[in-house]
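Laboratory data are not the source of any read-out in this text; all were calculated from the coordinates shown. Please read all numbers here as calculations on a predicted model, not as lab measurements. Every residue, glycine as well, gets a Cβ built from its backbone with ideal geometry; the counts of neighbours run over all protein chains shown.
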Amino acid sequence: MNIIFMGPPGAGKGTQAERIVSEFHIPHISTGDAFRAAMKEGTPLGVEAKKFVDQGLLVPDEITVGIVRERLHQADCAQGFMLDGFPRTISQAESLDAILESMGTKIDAVIDLQVDRSFLLARLTGRRICKSCGSTYHVVFNPPAKENVCDKCGGELYQRSDDTEEKVGTRLDEYINKTAPLLDYYDRQGILRKVNGEQEINTVTAEINSILRGLK
């Protein structure tokens, strides 16, 4: 199965993505990870991407799309994949459709975690992240067993500097404005699946799993 996982900052994508990977054994592909891998391996596109990253500039679409194309052709994607953070625009979505068509496949579903803005503000300002492994927690909704200590690796938890209410609000507005057309794009294709991300974590997981099992 080939899926795109979407949702605003703080919607719980990280937690749910881990569970999807564990349940369905498909790779979780984020553009950030794909960029880092390509740059580390020194691929031609990775070298080009690094030039922009080192200058703090946005990587052009043609390079981003090229890196995603290379990643989707790797062996672990043969049985499916979960894209996270790509596409971000209609242009990228159309490029993705063309890539998949050339591979004889397509996107089966777009999972959109929906969470109210006010709920997200409360959730994000209480978020804590492990310095060692990157696992995410929340002081109210998903606290660690021991305060400020990661359950998985024992690493120290911290609050991101951009998790203030003002900065969170700006990020949410930017996400909503940029992704609304993309959601419409996939809704017209009949593959958009909306999930209430304000539910209890296990309930959200069960709903996502039910959708994905229906694709098999």
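List of remarks:
- Across segment 92-100, rounded Karplus estimates of 3J(HN,Hα) from the backbone phi angles (6.51 cos²θ - 1.76 cosθ + 1.60, θ = phi - 60°) give 5, 5, 5, 5, 4, 4, 5, 4, 5 Hz, Gly and Pro being marked x.
- Only Cα sites of segment 80-164 enter the Debye sum here, all with the same form factor; the resulting log10 I(q)/I(0) across q = 0.24 1/Å is -1.08, listed in q order.
- The angle separating the long axis of helix 44-54 from the principal Cα axis of greatest extent in the chain is about 40 degrees.
- Residues whose amide H falls under 5 Å from that of S135, counting only those 5 or more places apart or on a different chain, are C130, with hydrogens built in the peptide plane.
- When only alpha carbons of segment 81-123 are considered, Rg and Dmax amount to 14.1, 43 Å.
- For G85, the residues 5 or more places off, or on other chains, whose built amide H falls under 5 Å of its own are F5.
- Taking a Cβ cut-off of under 11 Å around S30, the surrounding Lys, Arg, Asp and Glu residues balance to a net charge of +1, with basic ones at +1 and acidic ones at -1.
- Given charges at Cβ of Lys, Arg, Asp, Glu: the chain dipole, positive-most of F141, Y186, M103: F141
- Under-5 Å amide H pairs with D151, H placed in peptide plane, nonlocal only: A145
- Angle in degrees between helix 13-24 and the longest Cα principal axis of the chain, rounded to the nearest 10: 60 degrees
- For segment 161-177, the Karplus equation 6.51 cos²θ - 1.76 cosθ + 1.60, evaluated at θ = phi - 60°, returns couplings of 5, 9, 8, 7, 4, 5, 5, 4, x, 5, 5, 5, 4, 5, 4, 4, 5 Hz by residue, with Gly and Pro reported as x.
- The charge dipole of segment 177-216, taken about its Cα centre with unit charges on the Cβ of Lys, Arg, Asp and Glu (plus for the first two, minus for the last two), comes to roughly 240 debye.
- Relative frequency of Cα-Cα separations exceeding 20 Å in segment 12-106, percent: 39 percent
- Rg/Rg_ref, the chain, where Rg_ref = 2.2 N^0.38 Å and atoms are Cα: 1.03
- Straight-line cross-link reach from K146 at under 18 Å between alpha-carbon atoms covers these lysines, not counting any fewer than eight positions away in the same chain: K131.
- The alpha carbon centroids of segment 72-119 and segment 176-194 are separated by 12 Å.
- Working from Cα pairs under 8 Å separated by at least six residues, relative contact order for segment 1-104 is 37 percent.
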